[in-house]
Amino acid sequence: VFQWMAKAECHFINGTEKVRFLERSFYNRFEYARFDSDVGRYEGFTPFGERNAGRWNSDPGFLEQRKAAVDTYCRYNYRVSTPFLVERR
């Protein structure tokens, strides 16, 4: 059995002032590539991940879409989920 998984994470520091978007790619429970919005590009951790990261980094449209995920994915979902996650007491 082989397993492939991608995980998107948003890290919020001081509300939405400082937001970090991570997209992590896994194969058989081992992370092979990661996009970090603070770095602004993909990083590969295995030969397969380095090959994919090079391909993804060479496509400016794809890379710009990932950079925009801070606003379109993280900040958007922060506004939607804040009443349920932050303001509960």
Among (1) under 20 Å from residue 4 (Cβ atoms); (2) more than 11 Å from the chain's Cα centre (by Cα), which single condition is residue 42 missing? (2)
Would it be correct to say that residue 84 is among the hydrophobic types (A, V, I, L, M, F, W, C) and out of contact with any Ser or Thr (no Cβ under 8 Å at 6 or more places or on another chain)? yes
Residue 15 fails exactly one of (1) modelled with pLDDT under 90; (2) small (Gly, Ala, Ser); (3) on the phi < 0 side of the Ramachandran plot, namely (3)
Counted residues, the stretch 31-65 - those being in contact with a Gly (Cβ under 9 Å, 6 or more places away or on another chain) and charged (D, E, K, R): 5
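Here's the yes/no breakdown for (1) touching a strand residue (DSSP E or B) at 6+ places or on another chain (Cβ under 6 Å); (2) within 27 Å of residue 1 (Cβ to Cβ); (3) of a type in the set (Lys, Arg):
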{"site": "15", "(1), (2), (3)": "no, no, no"}
{"site": "47", "(1), (2), (3)": "no, yes, no"}
{"site": "51", "(1), (2), (3)": "no, yes, yes"}
{"site": "57", "(1), (2), (3)": "yes, no, no"}
{"site": "60", "(1), (2), (3)": "no, no, no"}
{"site": "67", "(1), (2), (3)": "no, no, yes"}
{"site": "76", "(1), (2), (3)": "no, no, no"}
{"site": "81", "(1), (2), (3)": "no, no, no"}
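The values are calculated or read from the model by the stated rules, or taken from the named source; none is laboratory data. Since this is a predicted model, take the numbers as computed values, not measurements. Heads up, the Cβs are rebuilt from the backbone with ideal geometry, glycines too, and the neighbour counts pull from every protein chain shown.
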